[in-house]
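The values are calculated or read from the model by the stated rules, or taken from the named source; none is laboratory data. What you are looking at is a predicted structure, and each value in this text was computed from that prediction instead of being measured. Heads up, the Cβs are rebuilt from the backbone with ideal geometry, glycines too, and the neighbour counts pull from every protein chain shown.
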Amino acid sequence: MDKRNKIMKNIFITTPIYYVNSEPHIGSTYTTLMADIINKFNKLNLKNTRFLTGTDEHGQKIQQSAKKAGIKEQDFVDSIASIFKDSADYMKFEYDDFIRTTEARHIKFVQDIWQKLVKNDWLYKGNYKGWYCISDEAFYTEDDLIKQDDGSFKTSLGKGVEWKEEESYFFRLSEFQKILLDLYKNTDFIKPESRKNEIIAFVGGNNIKEVESGNFVKDFLKDLSVSRNNFTWGIKIPCDCNGKNLLEDFKTWKKDIKNEEQHIIYVWLDALFNYQSALDDVDKFNDFWKNAEVIHLVGKDILRFHTVYWPAFLIAVEYSRNELQNLTIDDILKKNILPKNVFAHGWWTNEGKKISKSLGNAINTKSEIEWLITEYSIPHNVAIDYLKYCLATDTQFGNDGDYSRSRFIEKINAELVNNIGNLIQRVLSMIYKNLNGEINCENFIKIDNIKSELEEKTINIFDFQSYKNLILSISNDANDYMEKTAPWNLKKEGKIEELKEILYNEVENIRKIVILLQPICPYISSKVLEFLNINNKNFESIYNSDYLIKGLTIKEPVGFFPRLQNKK
Ligand code: MSP
């Protein structure tokens, strides 16, 4: 399917950078969680990975929020960015870098990009006339909007828009139609597959058949306004279209620069380049962009920015307008300047209702964890793992999901506590009580070959439901094996060798289960792995008999998966 079928060892995983106009909630936690899982998953598959998250701190929306709070912009963004960082740490997400768009490394990088776009002849000055939605920081045409009874317009999600007429720099996006449609057609750039059509329609292909017949709709994609002049909270353009330098230093206009020349860079052009500004030295850039598979995780609402604007910007930085005319998508793909995938996940509703500011029903992640801890008297780290498990495996990745406390509690008890937890507890207690805690492989090493199934499931890193089902099926089989062989009778009958063998096989099943469960429930898995003195925790070790548990004496097992039962 994807013409770029070369498998790379290095993987760069990113989340969108979050707007700091409101605090983190379950939706933003979800994107970071899935990126964290994909990152851990790849590490266990022995890839070199880098995981980036951060905050998006410029633009009119943020400036308005700071004003409303009565705080200076920089102080405002500092305080909310640190809440985002704390929240990622609280959830124990293991990111390698946290980028903020107000950092000097980012500002300077984006100013360099602006200069390259000017040099490559991709920018011109014009007049923007049209609708702008501050909440989305996006431009809309009247066709995109819904007319209200009072004559005003709203976006399809009910957000207000404003009419704008201002001088602005434009990016020649309209010249990218063919190359973008070829990109979608020849690669798995847009994931899941089901989202391709909406982007193709936006770019002007209308449907795949038209794209396949090469019958593109001319002039469908409009040039994009990429600068603003009527507010100040953003990155200053370093030069005009003639290359005239406008800045004293990266934060200050030269003295003689007139107000109408003082444009700031459109917040999406600024924000998207966080994915590269964070790779802030040559080695990092080579390892995790040029020679890596780049995977961007985004919510479905921002897919358009990442699959239309972003590849166009990347191509425009690399090639001049002249050069591009003679290039095909194959030439561009060979250079590996584009991300491998942009994966769009669905949205969460809260107990069936759309989450919105006006309903005030956003779910604060930290409060949910705290609720689990107090309601069910479970340890903090366990509560985090339980919530991660529910968010990650409840819906098919890519589809919308509904957050429901009662359903999640049932799910945890059924899948984790009664199935996996019960297996672990029964097996380890029997070993402790009947075999003096001794686990010994002696002659009965059996290793099922689950390699092919595992490889199939783990290669498609976006299919977490099948992955979870694989884990549960190993656990189901292990529970069945226990029922069938009824080892509790063997001790009475004096059949100690048989008892040892059955329990040993079960410990091996547990080893597989917890190794696989690590990306989703890292804390509980690590506790079981520690308990069983298992040091090789990568996926390869599951089906390699060198890593079987050879001999070990265990202590009395503790409940690794506490049941969620209301305190009476
Ligand atoms: N700042 C931009 C992204 C720039 S990336 C170069 C932005 N920020 S956001 O804070 O509004 O959204 C960040 C992510 O949170 C998006 O991927 C969005 O889809 C996700 N979610 C926000 N609410 C959500 C739900 N209710 N459910 C699931 N995810 C949701 O967009």
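For Thr365, the criteria (1) in contact with an Asp or Glu (Cβ under 9 Å, 6 or more places away or on another chain); (2) farther than 26 Å from Glu198 by Cα hold in every case but one, which is (1). Within region 301-315, the residues that satisfy the criterion of being surrounded by 17 or more Cβ atoms within 10 Å (Cβ to Cβ) and either farther than 16 Å from Leu181 by Cα or of a type in the set (S, T, N, Q) (or both) are Ile302, Thr307. Annotation: of all residues in region 383-395 being closer than 21 Å to Glu23 by Cβ, touching a residue at least 40 places away in the same chain (Cβ under 8 Å) and within 16 Å of the ligand (Cβ to nearest atom), the one that is surrounded by the fewest Cβ atoms within 10 Å (Cβ to Cβ) is Leu391. Restricting attention to region 107-144, the residues being farther than 15 Å from Tyr266 by Cβ and either under 25 Å from the mean Cα position of the chain (by Cα) or modelled with pLDDT of 95 or more (or both) number 9.
Region 475-568 holds helices (runs of 4 or more DSSP H) entirely within its bounds, and those carrying 2 or more residues that are modelled with pLDDT of 95 or more and of a type in the set (A, V, I, L, M) map to 496-517, 522-531. For region 253-284, the set of residues classified as part of a helix (DSSP H, G or I) and within 16 Å of the ligand (Cβ to nearest atom) consists of Val267, Trp268, Leu269, Asp270, Ala271, Leu272, Asn274, Tyr275, Gln276, Ser277, listed by residue number. Within region 333-355, the set of residues being of a type outside the set (Phe, Trp, Tyr) and part of a strand (DSSP E or B) comprises Asn341, Val342, Ala344, His345, Thr349, Asn350, Lys353, Lys354.
When you look at Thr14, is it within 27 Å of Ile332 (Cβ to Cβ), within 16 Å of the ligand (Cβ to nearest atom) and crowded, with 16+ Cβ neighbours inside 10 Å, yes or no? Before you say what the answer is, go through the steps one by one.
Working: within 27 Å of Ile332 (Cβ to Cβ): yes; within 16 Å of the ligand (Cβ to nearest atom): yes; crowded, with 16+ Cβ neighbours inside 10 Å: yes.
Against the criterion (within 27 Å of Ile332 (Cβ to Cβ), within 16 Å of the ligand (Cβ to nearest atom) and crowded, with 16+ Cβ neighbours inside 10 Å), Thr14 qualifies.
Against the definition (part of a strand (DSSP E or B) and within 15 Å of the ligand (Cβ to nearest atom)), how does Phe98 come out, yes or no? Full working, then the answer.
Values: part of a strand (DSSP E or B): yes; within 15 Å of the ligand (Cβ to nearest atom): yes.
Answer is yes for this residue.
Counting residues in region 408-431 that are within 16 Å of the ligand (Cβ to nearest atom), under 40 Å from the mean Cα position of the chain (by Cα) and surrounded by 15 or more Cβ atoms within 10 Å (Cβ to Cβ) gives one or more. Quick one: would you say Asp136 is within 16 Å of the ligand (Cβ to nearest atom) and of a type outside the set (A, V, I, L, M)? Judged against the criteria, Asp136 is a match.
Quick check on this structure: which one of Asp287, Asp301, Asp330 is farther than 19 Å from Leu117 by Cβ, within 9 Å of the ligand (Cβ to nearest atom) and assigned to a helix (DSSP H, G or I)? Break it down stepwise before answering.
Working: Asp287 fails: within 9 Å of the ligand (Cβ to nearest atom); Asp330 fails: within 9 Å of the ligand (Cβ to nearest atom).
None of the other options fit; the residue is Asp301.
Applying the set (1) in contact with a strand residue (DSSP E or B) (Cβ under 8 Å, 6 or more places away or on another chain); (2) on the phi > 0 side of the Ramachandran plot to Leu46 leaves exactly one unmet item: (1).
Are there any pairs, at least 6 apart or on different chains, whose C-beta atoms fall under 7 Å, with the first in region 266-283 and within 26 Å of Asn230 (Cα to Cα) and the second of a type in the set (Asp, Glu) and within 11 Å of the ligand (Cβ to nearest atom), and if so, which? What qualifies is Val267/Glu137; Trp268/Glu137; Ala271/Asp56. As a summary of the residue check, Gly70 satisfies the conditions (1) surrounded by fewer than 22 Cβ atoms within 10 Å (Cβ to Cβ); (2) in contact (Cβ under 8 Å) with a residue 12 or more places away in the chain except for the one numbered (2). Within region 93-116, residues that are closer than 17 Å to Ile80 by Cβ reach partners that are among the hydrophobic types (A, V, I, L, M, F, W, C) with beta carbons closer than 7 Å, at six or more positions or on different chains, in the pairs Ile99/Ile17; Ile99/Leu52; Ile99/Ala278; Arg100/Ala81; Thr101/Ile17; Thr101/Ala271; Thr102/Val77; His106/Ile99. Among the residues of region 70-95, those identified as under 26 Å from Lys40 (Cβ atoms) and part of a loop (DSSP other than H, G, I, E, B) are Met91, Lys92, Phe93, Glu94, Tyr95.
When the residues of region 74-85 are filtered to those that are surrounded by fewer than 20 Cβ atoms within 10 Å (Cβ to Cβ) and not small (Gly, Ala, Ser), the one that is nearest to Ser22 (Cα to Cα) is Ile83.
Just checking, does region 234-252 include any residue being within 16 Å of the ligand (Cβ to nearest atom) and under 36 Å from the mean Cα position of the chain (by Cα)? Spell out the reasoning first.
Of all residues in region 234-252, those within 16 Å of the ligand (Cβ to nearest atom) come to 234-235.
After this cut, where a residue has to be under 36 Å from the mean Cα position of the chain (by Cα) as well, the list is 234-235.
Yes, region 234-252 contains a residue that is within 16 Å of the ligand (Cβ to nearest atom) and under 36 Å from the mean Cα position of the chain (by Cα).
Within region 480-509, residues that are of a type in the set (Lys, Arg) reach partners that are modelled with pLDDT of 90 or more and in a helix (DSSP H, G or I) with beta carbons closer than 7 Å, at six or more positions or on different chains, in the pairs Lys491/Asn434; Lys491/Leu499.
With the condition kept exactly as written, say whether any residue in region 60-76 is basic (Lys, Arg) and within 16 Å of the ligand (Cβ to nearest atom). If you could, list the steps in order and put the result at the bottom.
Keep residues of region 60-76 that are basic (Lys, Arg), which gives 61, 67-68, 72.
Filter once more, keeping what is within 16 Å of the ligand (Cβ to nearest atom): 61.
There is at least one residue in region 60-76 that is basic (Lys, Arg) and within 16 Å of the ligand (Cβ to nearest atom).
Considering (1) modelled with pLDDT of 90 or more; (2) farther than 24 Å from Gln63 by Cβ; (3) acidic (Asp, Glu), the lone condition that Glu103 does not fulfil carries the number (2).
None of Gly59, Gly151 is at positive phi, surrounded by 20 or more Cβ atoms within 10 Å (Cβ to Cβ) and out of contact with any Cys (no Cβ under 8 Å at 6 or more places or on another chain) except Gly59.
All conditions in (1) within 29 Å of Ser541 (Cα to Cα); (2) surrounded by fewer than 21 Cβ atoms within 10 Å (Cβ to Cβ); (3) at pLDDT 95 or above hold for Asn39, with the sole exception of (2).
Report, by residue number, each residue of region 345-382 that is free of Cβ contacts under 8 Å to residues at least 12 places away in the same chain, touching a helix residue (DSSP H, G or I) at 6+ places or on another chain (Cβ under 9 Å) and of a type in the set (A, V, I, L, M). The one that is free of Cβ contacts under 8 Å to residues at least 12 places away in the same chain, touching a helix residue (DSSP H, G or I) at 6+ places or on another chain (Cβ under 9 Å) and of a type in the set (A, V, I, L, M): Ile373.
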